[in-house]
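*Asks:* The structure's right below; bear with me while I get my questions together.
The values are calculated or read from the model by the stated rules, or taken from the named source; none is laboratory data. Just so you know, these numbers come straight off a predicted model, no measurement behind them. Virtual Cβ from ideal backbone geometry, glycine too; neighbours counted across all protein chains shown.
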Amino acid sequence: MDQDRFDVFVGLDVGKEHHHATALNSAGRRLHDKALPQDEAALREVFDKLTVHGSVLVIVDQPATIGALPVTVARAMGIEVAYLPGLAMRRIADLHPGNAKTDARDAFIIAEAGRTMPHALRRVGGDDDLIADLAVIVGFDDDLASEVNRVSNRIRGMLTQIHPALERAIGANIGHPAVLALLAKFAGPTGLAAAGRRRLTTTTKPLAPRMHTRLVDAIIKALTEQTVVVPGTRAAELVLPQLAAQLQGLLAQRAAAAKQVEEALDAHPLSQLLMSMPGVGIRTAARLLLDVGDATAFPTAGHLAAYAGLAPVTRRSGSSIRGEHPSRAGNKHLKRALFLSAFAALHDPDSRAYYDRKRAAGKKHNAAIICLARRRVDVLHAMLRNGTYYQPRPAVAA
């Protein structure tokens, strides 16, 4: 972002009820330094007064949630808005004297960063309505995913406690509709044993036409491997149906959220471009739109890789050379999405050939996937920069 276009830099340390606004001119002189209510009229009044000094740039530390109102008011007034990521702000704060953590100091640091370090800022895009809708749905889906993992682990932990053999038989498929139907209907090992093969088959066949026989055989075999009743089994069989029903509901909500994400993506011009890349599905495309956008905030693919935490970090001090290691920094949500996308792309011949080359070079599975994800960042950045769909490029097989 070119700071030469602006005469006033307004740093907003946003809060639930009040923000703190610090405005600096291009020479660093304070033009405003006061608390600012979370109110449209008050925001308009301050922004309007500052426009007297010239072109204004508003910088926030949170463009969504509690920072959504000032961002919207500023853009409605024709004022450009930028976002300073939290990690960048913490690092910039270390450059300033003092250890105090106050709203006034934070607002000054945000404004000063906009004035002197524009490269640290992220532009708040022009398609904010669509992106904001997508952010809400994706955030809700992320919460649902966490709940699904929590409940799934709770069920598996309970089965491991009372009947380890049964957990080994169905644990890997704990989220399958047929398995959940069995747990919701027959509870734990006692109920499943009493149900018998016929009732188990009747319950699972409509939900698992291909695997119901194998699933029922595995359950019956597991039930015969343990004759003792572990203390707590009776209580577990009261809780397991409730947990199974809860997991069924969560998975249904995730399916509904996926449809809502897909509907929101259909309205975005970049969605089809992103999903033309192998391994990029609905949820990954949504994450890319939220965190990467049109990639104009990243001058090169290396910048994008560093932001995602996929760029290797060199560790070297004097004569001590420890080589390059995976970065632990970066956007964790984006890094996970790119990693899973690379793993899903292994069915693509070009991606598989590159992965095989890295494996043949001695890298372990995860390291090879990270290398593939880093390579795909180059392709993704080029696609967004040029506005072109994915084009396969031949790769040399291992």
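*Asks:* Name every residue in the stretch 316-339 that is touching a Ser or Thr at 6+ places or on another chain (Cβ under 7 Å) and modelled with pLDDT of 70 or more, in order of residue number.
*Replies:* ALA337
To keep it simple, each residue is scored yes or no on (1) assigned by TED's automatic domain parsing to the domain that holds LEU240; (2) among the hydroxyl-bearing types (Ser, Thr, Tyr); (3) out of contact with any Asp or Glu (no Cβ under 7 Å at 6 or more places or on another chain); (4) surrounded by fewer than 19 Cβ atoms within 10 Å (Cβ to Cβ).
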residue	(1), (2), (3), (4)
HIS176	yes, no, yes, yes
PHE186	yes, no, yes, no
GLY191	yes, no, no, yes
ALA194	yes, no, yes, yes
ARG198	yes, no, yes, yes
THR202	yes, yes, yes, yes
PRO209	yes, no, yes, yes
HIS212	yes, no, yes, yes
ASP217	yes, no, yes, yes
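*Asks:* Please list, ordered by first then second residue, the pairs with beta carbon atoms under 7 Å, 6 or more apart or interchain, first in the stretch 226-242 and within 13 Å of ALA193 (Cβ to Cβ), second among the aliphatic types (A, V, I, L, M) and assigned to a loop (DSSP other than H, G, I, E, B).
*Replies:* That search, which allows pairs on different chains as well, returns GLU237/ALA187.
*Asks:* Can you pull out every residue in the stretch 328-339 that is assigned to a helix (DSSP H, G or I) and either over 16 Å from the mean Cα position of the chain (by Cα) or touching a residue at least 60 places away in the same chain (Cβ under 8 Å) (or both)?
*Replies:* HIS333
*Asks:* So LEU50 passes all but one of these: (1) surrounded by 16 or more Cβ atoms within 10 Å (Cβ to Cβ); (2) under 24 Å from GLY86 (Cβ atoms). Which condition number does it fail?
*Replies:* Answer for LEU50: the failing condition is (2).
*Asks:* May I ask you to list the residues in the stretch 222-234 that are among the aliphatic types (A, V, I, L, M) and either surrounded by 12 or more Cβ atoms within 10 Å (Cβ to Cβ) or within 38 Å of the chain's Cα centre (by Cα) (or both)?
*Replies:* Listed by number, the residues that qualify are ALA222, LEU223, VAL229, VAL230.
*Asks:* Among the residues of the stretch 357-378, are any modelled with pLDDT of 90 or more, small (Gly, Ala, Ser), part of a loop (DSSP other than H, G, I, E, B) and outside the structural domain of TYR83 (by TED's automatic domain parsing)?
*Replies:* yes
*Asks:* Which of (1) in contact (Cβ under 8 Å) with a residue 60 or more places away in the chain; (2) part of a loop (DSSP other than H, G, I, E, B) does ALA82 not meet, given it meets every other one?
*Replies:* Of the numbered conditions (1) in contact (Cβ under 8 Å) with a residue 60 or more places away in the chain; (2) part of a loop (DSSP other than H, G, I, E, B), the odd one out for ALA82 is (2).
*Asks:* Scan (1) assigned to a helix (DSSP H, G or I); (2) at pLDDT 90 or above; (3) more than 25 Å from ASN331 (Cα to Cα); (4) not aliphatic (A, V, I, L, M) for the single condition GLU112 breaks and write down its number.
*Replies:* (3)
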